[in-house]
Amino acid sequence: MEHGSGKTLSLWMDGVELQSRPVAGEDMTVDVCVVGAGISGLTVAYKLAREGKDVIVIDDGDIGGGETSRTTAHIVNALDERYFEIERLHGEKGARLAAESHTAAIAQIEQIVAEEGIDCDFTRLDGYLFCPPDQSPDILEKERAAAHRAGLTDLELVDNAPLREFLTGPALRFPQQAQFHAMKYLNGL
């Protein structure tokens, strides 16, 4: 795989030979054109094709050659932008939509992996959010309250994330997150 669309290399880039795909011709008629051959683009194209749509996917590089091949391989509803901040910017409804859409994405990928028998090391696991040393753990309670309002009621505050040789202090446990090998997933699609 060429690594030309970014400067970083990840372990997901090596060891998976992606199946070659035909190059589109000049004159094509399709029902839907999906731009981007990463996790989102190929998942959307897969779902549309399963619904009987004639779909083409276009990308300016390799399949999964952008952010997908550089991902952490975690599929989560524990978001980088905190729920209390999403709620401040977009209201309680906006935060709820964010939580629901990310939770549904995890379930959707899990379902596709199972239905298609894609060997991509998909597994469910808990995720943990903890504070850096210079931040008050009070922010975790603020995040938990906002996440609960967003519908993530199974979050819990724990004394420490289960990490060997590293004491995190208080942490929020987000159950039923997932991880997988993103490039193997794309290859299976």
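The values are calculated or read from the model by the stated rules, or taken from the named source; none is laboratory data. Keep in mind it's a predicted model, so treat the numbers as computed, not measured. Quick reminder, even Gly has a Cβ in these numbers, built from the backbone with ideal geometry, and neighbours come from all protein chains shown. Areas reflect the complete protein model, heavy atoms only, side chains present, ligands, DNA and RNA absent. Shrake-Rupley method; radii C 1.70, N 1.55, O 1.52, S 1.80 Å.
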### Task
Determine the pairs where a residue that is of a type in the set (Phe, Trp, Tyr), located within segment 172-189, has a partner that is open to solvent by 10 Å² or more (accessible area, probe 1.4 Å) and assigned to a strand (DSSP E or B) with Cβ atoms under 9 Å apart, the partner being 6 or more residues away or on another chain.
174/126; 174/127; 174/128; 174/129; 180/74; 180/75; 180/123
### Query
So which residues in segment 139-161 are touching an Asp or Glu at 6+ places or on another chain (Cβ under 8 Å) and closer than 29 Å to residue 113 by Cβ?
150, 151
### Task
Test each condition in (1) free of Cβ contacts under 8 Å to residues at least 24 places away in the same chain; (2) assigned to a loop (DSSP other than H, G, I, E, B) for residue 97 and report the one that comes out false.
(2)
### Task
Hey, can you tell me all the residues within segment 167-189 that are part of a loop (DSSP other than H, G, I, E, B) and under 23 Å from residue 157 (Cβ atoms)?
167, 168, 169, 170
### Task
Considering every residue within segment 99-110, establish whether at least one is over 18 Å from residue 44 (Cα atoms) and either touching a strand residue (DSSP E or B) at 6+ places or on another chain (Cβ under 6 Å) or open to solvent by less than 40 Å² (accessible area, probe 1.4 Å) (or both).
yes
### Task
Check residue 118 against each of (1) at pLDDT 95 or above; (2) part of a loop (DSSP other than H, G, I, E, B); (3) β-branched (Val, Ile, Thr); (4) over 18 Å from residue 40 (Cα atoms) and name the one condition it does not meet.
(4)
### Task
Considering every residue within segment 37-49, establish whether at least one is more than 18 Å from residue 186 (Cβ to Cβ), in contact with a Leu (Cβ under 6 Å, 6 or more places away or on another chain), modelled with pLDDT of 75 or more and open to solvent by less than 40 Å² (accessible area, probe 1.4 Å).
no
### Query
Within segment 50-73, restricting attention to residues that are loosely packed, with under 14 Cβ neighbours inside 10 Å and not acidic (Asp, Glu), which residue is nearest to residue 34 (Cα to Cα)?
58
### Query
With respect to residue 182, is the statement that it is out of contact with any strand residue (DSSP E or B) (no Cβ under 8 Å at 6 or more places or on another chain), crowded, with 20+ Cβ neighbours inside 10 Å, within 20 Å of residue 105 (Cβ to Cβ) and not charged (D, E, K, R) true?
yes
### Task
Go through (1) among the aliphatic types (A, V, I, L, M); (2) closer than 28 Å to residue 145 by Cα; (3) touching a residue at least 12 places away in the same chain (Cβ under 8 Å) and name the single condition residue 107 misses.
(3)
### Query
Does segment 74-88 contain at least one residue that is loosely packed, with under 12 Cβ neighbours inside 10 Å and under 30 Å from residue 172 (Cα atoms)?
yes
### Query
Does residue 124 meet the test of being surrounded by fewer than 18 Cβ atoms within 10 Å (Cβ to Cβ), of a type in the set (D, E, K, R) and in a loop (DSSP other than H, G, I, E, B)?
no
